[in-house]
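Worksheet: the structure to be examined is printed underneath.
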């Protein structure tokens, strides 16, 4: 028989006392985009958003009612909630659940679709497939600054994913505008340390920002924003290897600050800039093998 304490379930009371508190932490955002990390053991009342809300469950079991049905979202799965659709939210177990989420304005999606009607994804819970990791990647670190180029990249990724998951007609893959993407690449290379807005790339290429983002990835296998980050890391490496202090290396390479450079450096090279600098400074030429030494006469 379960123990009771003045009429309360003692076991349940002990679990509730040790449970972590509910929390909502907002990351960096920009116009039309907001990101958050949430832990919840209680429940959300029914509510609506005026944006798309696209999240990935990171731990626990998330349940919610949406369009008349109860849904369950497990770790690694995406949930996609459309603007102005009522929904609630609760933990499927007593352990609570965690998720990261991006809120994106519908007008930004419409712009990325060149004015087409907003796609509707009937099933709000999507398993991990080839279509979802790209969107999920924008939620890996919600504290990374969102540049103007990254804002365009996120809009394109979300818009194309929504279109694909909605079952609508696939976007026709136009021939790559090689001139435009090469102009964009050359400009980003020579201005890597600058905060180049998408409007600058539109001006020098003659193409719209969403076309540039799609064609650039098809041509070079990465986005304009990520390409610029790699050029900045190359500048930072050169500065660090020449003995420049880390904070100054970050500033001269165009990063927001030293911590921004450190996160990108570690994600790309697997080492912090400080560790890299120490390793480079400790590098010495190996002693030649005895058989390679030339005998003195």
- Choice from 127, 83, 245 showing the highest fluctuation, given a GNM over the chain with Cα pairs closer than 10 Å: 245
- Message: For a quick check, take a GNM of the chain with Cα springs below 10 Å and name the residue from 275, 191, 260 with the largest mean-square fluctuation.
- Response: 275
- Which residue, 236, 279, 105, has the most motion in a Gaussian network model of the chain that connects Cα atoms within less than 10 Å? 279
- Note on the structure: Listing 28, 132 by rising number of other beta-carbon atoms within 10 angstrom, fewest first, gives 28, 132
- Item | Globularity index of the range 10-166, i.e. its alpha-carbon radius of gyration over 2.2 N^0.38 Å | 1.06
- Rounded, prolate or oblate: which one fits the range 63-151, using the alpha carbon gyration tensor with axes a ≥ b ≥ c (rounded when a/c is under 1.5, else prolate when a/b beats b/c, else oblate)? oblate
- Taking the convex hull of the alpha-carbon atoms of the chain and averaging its shadow over every direction gives an area in square nanometres of 26.2
- Quick one: plug the Kirkwood hydrodynamic radius of the range 151-267 (C-alpha pairs) into Stokes-Einstein at 4 °C, 1.567 mPa s, and report D in µm²/s. 84
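A short reminder: the numbers here are calculations on the coordinates, not readings from a lab. Just so it is clear, the model here is predicted, and its values are computed rather than measured. Methodologically, a virtual Cβ is constructed for each residue, glycine included, from the backbone with ideal geometry; neighbour enumeration extends over all protein chains shown.
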